[in-house]
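Engineer: Got a structure for you, written out below as structure tokens; questions coming shortly.
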Amino acid sequence: MGLKVLSALDTAKTQLYHFKAIVIAGMGLFTDAYDLFSISPIMTILGRVYYQDKQYEIPATVKSAMLAVALLGTAMGQLVFGILGDRVGRRRVYGLALALMVASSIGCGFSICTTRSCVLVSLGFFRFLLGLGIGGDYPLSATIMSEFANKKTRGAFIAAVFSMQGFGILASATVTMIVCSIFDRASNYPTGKRTPMGADIAWRLILMLGAVPAAMTYYWRMMMPETARYTALVERNVAQAAKDMEKVLDVSLADITEDSPMSPSPPNFHFFSNQFLRRHGRDLFSCAASWFLVDVVFYSSNLFQSKIYTQFLPHDQNSTNNVYHQALNEARLQAIVAVCSTIPGYWISVFFIDRLGRVTIQIIGFLFMAIGYVVIAIPYNSFWESDKHKYGFMLFYCLTFFFSNFGPNTTTFILPAELFPARFRSTCHGISGASGKIGAIIGAVGFLWASHDREDNGIGMKASLMLLGGVSLAGVAVTYFFTRETNGRSLEENENEDEYVGIFFLRSCFNLHRTTAHAATAQRDQMSSRSTSNSIPSTTPFHR
């Protein structure tokens, strides 16, 4: 399109505002991870407080419902806020998503009543609202960061925003350990099966503290200008886009002001149109399918943590009968996985995303995830269940987490923010993310059912892990055949190429089919000629 302000964004050197944008946008992802991943030790405390008549064990249906309701809210939030981000503006709804997260995090802690059913219903309601805010943060954070970044380091900046999830997981585990340690020392109750009343306050405090980092960045979100690409390409106000960028980036207004006042003309087709499907349908399919597949595996793996934890948690009565020790031990193992596997995976992605490219990293991640699950699954019953080899089990389990983050869990967040034109970018990211959360619900609920033994109408843990490996291999196939590389290209270059890529792909398939048919016909003619000409040997070799 040749606008000076867009060229300046693509070629701008890395500046202080880029890092400031990473922190502002990343704090939403930090809060997302804190709230979503703190639920495991929280459910342990809830079981001790409200399920004393059930041997402190919350039914699997209640656990899956509590997880699914947040994921359902996330999927709806991604769709709603994704559409609003394109129609109203990124900045205008960005603060709304964060405010919703802050309010619902506090609401989770203030879940009304003290009876079991009332607390769970109230907690589920606020977690649904929390999911709406979390879902809204995904497309807006990715889109804003992609539109602020330069094309050379755009992938690293978006990956850095997403990597804040790893610190959110670590923070949730750390806060849980601190709160449980304080309440344990303050209560000083004798070991036994009695649960202290303070435990009902502890889990509420853990959830409410998740609102603090998000609330701290609310002001800075509201002070962010609208992205230049949205202002110039969607609102068609090039002059305002130049003024906004001059405020935050180290560029001269004279260098980015257009000589001609003419505004760019947006594409003359709608989202629900054959032209959109022809130009962008393949990219939308690849983004949505890849995100769906990785979330099936990723959220199943998080549920699988409970199987891992039982091997490493202390077996002495004093520890297991103490609610604070039990939650603290689970949080400690969660922190170990985050430090040794999750966070390194995120930051290695930051380092390599603009060197290796998105497609290569996504294929590597899916492939090694598949290998990890197969290695865990094959000897599961005879080898991994013994205490002697539990550390080897933990090693391969952590590797699957590492390659999901140094792989599709990061790249599926980046690609939808790069492949689509400005006026559809947030919407398409929201659709892709919502597809992923549907996969997460299927993975979470399905894994709880599938991992049961056959006598309990399941397929067993071994078959379930093999199935996750197969899903990862499907991710390799989708990435290889359908996903385009965006590395080193401006967002407008990706947009202009979209017009031809779908037609080129279909034409390539047609030409391949036609070439194969011609080759087969030529081979049949050649074989017929050889069979009828015994005196004259054929001089044309067969092609392998």
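Engineer: So, of the residues in the stretch 234-256 that are outside any helix (DSSP H, G or I) and either farther than 23 Å from I144 by Cβ or open to solvent by less than 30 Å² (accessible area, probe 1.4 Å) (or both), which turns out to be modelled with the highest pLDDT?
Structural biologist: Of everything passing the filter in the stretch 234-256, L249 is modelled with the highest pLDDT.
Engineer: List every residue pair whose Cβ atoms lie under 9 Å apart, where the two residues are 6 or more positions apart in sequence or sit on different chains, the first residue falls within the stretch 337-355 and is of a type in the set (S, T, N, Q), and the second residue, located anywhere, is outside any helix (DSSP H, G or I).
Structural biologist: If the second residue must be outside any helix (DSSP H, G or I), the pairs left are S349/F406; S349/G407.
Engineer: List the helices (runs of 4 or more DSSP H) inside the stretch 259-374, counting only whole elements, that have at least 1 residues being in contact with a Phe, Trp or Tyr (Cβ under 8 Å, 6 or more places away or on another chain) and either open to solvent by less than 40 Å² (accessible area, probe 1.4 Å) or at pLDDT 90 or above (or both).
Structural biologist: So the answer is 274-312, 323-337, 343-356.
Engineer: Might you check whether a residue that is of a type in the set (S, T, Y), touching a residue at least 40 places away in the same chain (Cβ under 8 Å) and in a helix (DSSP H, G or I) occurs anywhere in the stretch 51-59?
Structural biologist: no
Engineer: Something else now. Taking G446, is it at pLDDT below 90, outside any helix (DSSP H, G or I) and more than 11 Å from D295 (Cβ to Cβ)?
Structural biologist: No.
Engineer: With the condition kept exactly as written, say whether any residue in the stretch 144-152 is buried (at least 18 other Cβ atoms within 10 Å of the Cβ), in a helix (DSSP H, G or I), in contact with a Leu (Cβ under 7 Å, 6 or more places away or on another chain) and small (G, A, S).
Structural biologist: Checked against the condition, which is being buried (at least 18 other Cβ atoms within 10 Å of the Cβ), in a helix (DSSP H, G or I), in contact with a Leu (Cβ under 7 Å, 6 or more places away or on another chain) and small (G, A, S), the stretch 144-152 yields at least one hit.
Engineer: Oh, and also: Scan the stretch 113-128 for residues that are open to solvent by 60 Å² or more (accessible area, probe 1.4 Å) and under 11 Å from A65 (Cβ atoms) and jot them down.
Structural biologist: V121
Rundown of residues vs (1) in a helix (DSSP H, G or I); (2) open to solvent by less than 20 Å² (accessible area, probe 1.4 Å), yes/no style:
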residue	(1), (2)
P196	no, yes
L205	yes, no
M222	yes, no
A232	yes, yes
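Engineer: Is there any pair with a first residue in the stretch 60-74 that is more than 16 Å from P41 (Cα to Cα) and a second that is of a type in the set (D, E) and open to solvent by 50 Å² or more (accessible area, probe 1.4 Å) whose Cβ atoms are under 9 Å apart and which are 6 or more apart or on different chains, and what are they?
Structural biologist: none
The values are calculated or read from the model by the stated rules, or taken from the named source; none is laboratory data. What you are looking at is a predicted structure, and each value in this text was computed from that prediction instead of being measured. Methodologically, a virtual Cβ is constructed for each residue, glycine included, from the backbone with ideal geometry; neighbour enumeration extends over all protein chains shown. Protein only, heavy atoms only, side chains kept; ligands, DNA and RNA dropped before computing areas. Shrake-Rupley method; radii C 1.70, N 1.55, O 1.52, S 1.80 Å.
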